[in-house]
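Undergrad: Attaching a single structure in C-alpha cells format; questions to follow.
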Amino acid sequence: QVQLVESGGGLVQAGGSLRLSCAASGRTERKYIMGWFRQAPGMERDLVAVINRSGSSTYYADSVKGRFTISRDSAKNTVYLQMSSMKPEDTAVYSCAAGDTFYGRSVKDYPYWGQGTQVTVSS
C-alpha cells in the first residue's frame with residue numbers, strides 16, 4: 001500500500017507556471033509507475049503525464065506536450081509536474097496516481113490515488 005499527497009496547486013495567470021508535487025509514503029521501496037491526471041468540472045478525469053520507475057521514460061497528453069514536464073526524485077519519494085505556459089483550459093483538479101503499467105492510460109490502471117489539488121488559470 002502507498003499513500004499519495006499532492007501539493008502546489010493554486011491560482012496562476014495565463015502564461016504563468018506552477019509546480020505540483022506528489023509525495024509518496026508507505027511501501028515506497030516498491031517503485032511504481034506514476035501518473036498525473038486532471039479533472040475539470042463536469043468532465044472526465046484525463047491522463048496528463050506518466051513517468052516510469054526509473055524516470056527514463058515519460059508520456060504526455062497532446063494537450064500539454066511541450067508545456068508540462070513530469071519528473072521524479074526517488075530519494076525523496078516525490079513526483080513533480082512542472083507546468084508552464086499555462087492556459088485557462090488547464091484549470092482542473094490535478095491528482096497523482098500510482099500503478100504498474102506504463103502504457104496504461106485509464107484511471108483503471110492506477111490503484112492508488114492522492115486527494116487532488118486545485119489548479120486555476122485565470123485569463
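Values in this text are rule-based calculations from the coordinates and carry no lab data. Quick caveat: nothing in here was measured; it's all calculated off a predicted structure. As a convention, Cβ positions derive from the backbone with ideal geometry for all residues, glycine included, and neighbour counts pool all protein chains shown.
Undergrad: What is the dipole size for the chain, taken about its Cα centre, with +1 at each Lys and Arg Cβ and -1 at each Asp and Glu Cβ, in debye to the nearest 20?
TA: Numbers: 14 positive and 10 negative charges, 54 e Å.
My answer is approximately 260 debye.
Undergrad: Given N residues in segment 1-55, what is its alpha carbon radius of gyration divided by 2.2 N^0.38 Å?
TA: Its radius of gyration relative to the 2.2 N^0.38 Å reference: 1.34.
Undergrad: In the chain, with Lys and Arg counted as +1 and Asp and Glu as -1 at Cβ, which of these residues, VAL12, VAL119, SER95, has the Cα nearest the positive end of the dipole, that is, farthest along it?
TA: My answer, from the dipole projection, is SER95.
Undergrad: Shifting gears a bit: Using 10 Å bins from zero, what percent of all Cα-Cα pairs in the chain falls into each bin?
TA: 14, 51, 30, 5, 0
Undergrad: Here's something else I'd like to know. Build a GNM of the chain with springs between Cα atoms under 10 Å: which of PRO111, PRO41, PRO88 gets the top mean-square fluctuation?
TA: PRO41
Undergrad: Here's a follow-up. When only Cα pairs under 8 Å and 6 or more residues apart are kept, what is the percent relative contact order across segment 1-108?
TA: 34
Undergrad: Of MET34, MET43, MET83, which is the most mobile in a GNM of the chain whose springs link Cα atoms less than 10 angstrom apart?
TA: MET43
Undergrad: Also, quick follow-up: Which lysines have a Cα less than 25 Å from the Cα of LYS76, not counting those fewer than 8 places away in the same chain?
TA: Those lysines meeting the cut-off are LYS31.
Undergrad: Now for a different question. Can you tell which of LEU20, LEU11, LEU81 shows the greatest fluctuation in a Gaussian network model of the chain with Cα springs below 10 Å?
TA: Comparing LEU20, LEU11, LEU81 in a Gaussian network model of the chain, the most mobile one is LEU11.
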